[in-house]
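This report concerns only the one structure given below.
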Amino acid sequence: MIKHKKIVCKTEENTRFLAKMVAKAAKKRDVFALFGTLGAGKSTFSRYFIEHLSGATEIPSPTFTLVQTYDAPDFEIYHYDMYRLKSPEEAYELDIEEAFYNGVSLIEWPEKLGSLLPKDIWKITITTQGAERVFDIEAFGEEKSKRLEEIFVE
């Protein structure tokens, strides 16, 4: 089962609110795959998501470190930037399978993972329309689909 929602964020504050709502639905072992071009807003969305769950205020992009980890009350958050990966196998060096099992993963440039990317994920595709950001959120799996619906019922 796949549920799908499309949301237009006209301001960065709208993006912050959306990230907070999605973060509230996050559970241990969730993988959020963030697709979009350079500058689409993947890091901004991730920053607000992490800020809401962990309370962290210093949230650097993992562009050079490839992964940053944050403590949330119920799990760890792993924020990956796969842009610089040359092959999917390099992700093993980042303990990505452990992250999939033990925490919540936010992955920028997930297409670099190839078949390592789990099937039962939250797929968030971000596109730009002028200053606006369009978030196309797909929840794969029945349980995630229910949670996606709940996000937008509140």
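The values are calculated or read from the model by the stated rules, or taken from the named source; none is laboratory data. No experiment lies behind these values; they were computed from the predicted model shown. When we count neighbours, we look across all protein chains shown, and the Cβ atoms used for this are built from the backbone with ideal geometry, even at glycine.
Does the stretch 26-61 hold any residues that are among the hydroxyl-bearing types (Ser, Thr, Tyr) and part of a helix (DSSP H, G or I), and which are they?
SER43, THR44, SER46, TYR48, SER54
Please go through (1) at pLDDT 90 or above; (2) closer than 26 Å to LYS5 by Cβ; (3) surrounded by fewer than 18 Cβ atoms within 10 Å (Cβ to Cβ) for PHE135 and return the number of the only condition it doesn't satisfy.
Among (1) at pLDDT 90 or above; (2) closer than 26 Å to LYS5 by Cβ; (3) surrounded by fewer than 18 Cβ atoms within 10 Å (Cβ to Cβ), PHE135 violates only (3).
Only strands (runs of 3 or more DSSP E) wholly contained in the stretch 86-154 count here; list those with 1 or more residues that are of a type in the set (Val, Ile, Thr) and under 20 Å from SER61 (Cα atoms). Outline the logic, then answer.
Values: elements: 103-108, 122-129, 132-140.
Fully inside the stretch 86-154 and qualifying: 103-108, 122-129.
Quick check: is even one residue across the stretch 62-77 outside any strand (DSSP E or B), buried (at least 21 other Cβ atoms within 10 Å of the Cβ) and either at pLDDT 95 or above or of a type in the set (Gly, Ala, Ser) (or both)?
No: zero hits.
Considering each of GLY114, GLY130 in turn, give the residue that is touching a Pro at 6+ places or on another chain (Cβ under 6 Å) and surrounded by fewer than 15 Cβ atoms within 10 Å (Cβ to Cβ).
Only one candidate qualifies: GLY114.
Filter the stretch 127-146 down to the residues that are touching an Asp or Glu at 6+ places or on another chain (Cβ under 8 Å) and at negative phi and list them by number.
THR127, PHE140, LYS144
Being among the charged types (D, E, K, R) and farther than 16 Å from ILE151 by Cβ is the filter; apply it to the stretch 26-57 and report the residue that is surrounded by the most Cβ atoms within 10 Å (Cβ to Cβ).
The residue in question is LYS42.
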